[in-house]
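Presented below is the structure to which this report refers.
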Amino acid sequence: MGNFTAYMDQFGYIVLFAALLLELIALPLPGEVLMSYTGFLIFKGNLNWLASILIAGAGASIGMTISYWIGFKLGKPFFEKYGHHFHMGPEKIEKTSLWFTKHGNKLLIIAYFIPGVRHITGYFSGITRLPFRTFSLFAYSGAFIWVTVFITIGKLLGPQWEHFHNSIKKYLIIGSIIAAIIALLIYTYKKYKVEIRNKAIQLLRMSLTIFHTQKRVSLLLTITSLLTLGFILLMIGMIQDFLGNEFSDFNEIVSLLVSSTFNNRWEGAMQIFTFMGSRLALIILIIFTLFLILFTAKNKIIELGSLTIVILGGELYEESLQAIFHNLSLSQYSIMDQLFNHFPSEQSLMDFIIYGFAVFILVRNVNKVWIQTFIPLTGMIILILIALSRLFFEVELPSDIAAGYVFGGVWLGLNILLLEIFKLLRSMNE
């Protein structure tokens, strides 16, 4: 790698262009590392950001095009004759070709972020005779997205690009897999668009009445149970990471990206977001939830009792967690780390609980489709903005904020489940 960076220092754009071109023909070159290093050279002022992206994107696009035409010229006869030597006989190539014809254009964008996959997509595009116009649209778009991401990350990380490169690459691969799942869902929607649309219309019509029937209880209990289970699994994973002292890279990467993305001009907006997560804002939200229950709820006493348990119990829950993890941190972290470590974040935990419960009460008792659709999304956005503001002002660690939200989600989910079960049992006895 030292030789490559030395060549980059001397020849810059030429090495970047050639390396990505050759890598997309399937030569084992460290393209992603070179792009991150290019970002570092941009940080130092040695290269231009836009020029680097254009040159890197052109190199990747040309390399992918060459592999396409090689696959196109060799075609199926080559694999039918020699494919058995590398487990690609006629039957397998036929199945792969059929799949690639249906999904190859989506894969062309995502594959760049998956090592080993990006090196073969060009060849398979040619082998399966994917129309060149379709190939070029998706392949070139994916190439420029890929190079922009890694070059920009290298620029943001600056001198620390090499230290965090592998960690960021891991997160990007996870993100690519998630993107592939999303692409599959989009494909499924397009294929079964009419059926999905009819079902959606039916569900929308039902949504006006479902929150006043026994079906509502079953649906709500099912969704809440699944979400709570997800939070519990995340909580277990985070506890293991905490005990293994494995949050260091995550905290440094997130903090560095936030500080690089948001400059001093964001300070005013961040102060507003910070206020949204303050004690005063939470008190106002609790009062709003209280009046919402009094004026809209049918089971006012039960929901008021649940609100009390959620808040007071949440405070006790948070204090207990702080005591437990503080004792654990005495043996896991240095004295300096302990000063900044508040795992999980007390304020973030209570933010999630109070905002989450307010959203639940609003969705539960107000019979409007737009509220049931957009209010949960709005609540999620507010919590993200609050977290960003705390990272911006460097008052808490990213892992502590994330843990606060996850642990808060467990408490909130369990309380909502108990509330709905209690109301269901009461209605059955009446």
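The values are calculated or read from the model by the stated rules, or taken from the named source; none is laboratory data. All values derive from a computational prediction rather than experimental measurement. All Cβ positions, glycine included, derive from the backbone under ideal geometry; neighbour counts span all protein chains shown. Ligands, DNA and RNA are stripped out before the accessible areas are found, and what is left, the full protein with its side chains, is counted by its heavy atoms. Shrake-Rupley method; radii C 1.70, N 1.55, O 1.52, S 1.80 Å.
Tell me the accessible surface of residue 9 in square angstrom (1.4 angstrom probe, heavy atoms of protein chains only), to the nearest ten.
Probe radius 1.4 Å; accessible area of residue 9 about 90 Å².
Say R0 is 35 Å: what FRET efficiency, to the nearest 0.05, do residue 393 and residue 49 get from their beta-carbon distance?
0.80
Would you mind checking the radius of gyration and Dmax of the range 262-324 based on alpha-carbon positions, in Å?
Calculated on Cα positions, Rg and Dmax stand at 16.2, 48 Å.
Return the Rg/Rh ratio of the range 373-414 with Cα-based radii and a Kirkwood Rh. Walk me through the numbers on the way to the answer.
On the way: Rg = 11.4 Å, Rh = 11.1 Å.
Rounded to two decimals, Rg/Rh equals 1.03.
Could you check the spin-label model distance between residue 427 and residue 373? Points 7 Å from the Cα along Cα→Cβ, value in nm.
2.5 nm
What does the accessible area per residue of the range 248-309 come to in Å², with a 1.4 Å probe and no ligands, DNA or RNA counted?
Roughly 60 Å² per residue, with all protein chains present.
How many nm separate the modelled label positions at residue 262 and residue 275, each set 7 Å beyond the Cα in the direction of the Cβ?
Inter-label distance under the simple model: 1.6 nm.
Just subtract the alpha-carbon distance of residue 287 and residue 27 from 0.36 nm times their residue separation and send over the number in nm, one decimal.
Separation in residues times 0.36 nm, less the Cα-Cα distance, equals 87.3 nm.
Using label points projected 7 Å from each Cα along Cα→Cβ, tell me how many nm separate residue 384 and residue 74, to one decimal.
The modelled label-to-label distance comes out at 4.2 nm.
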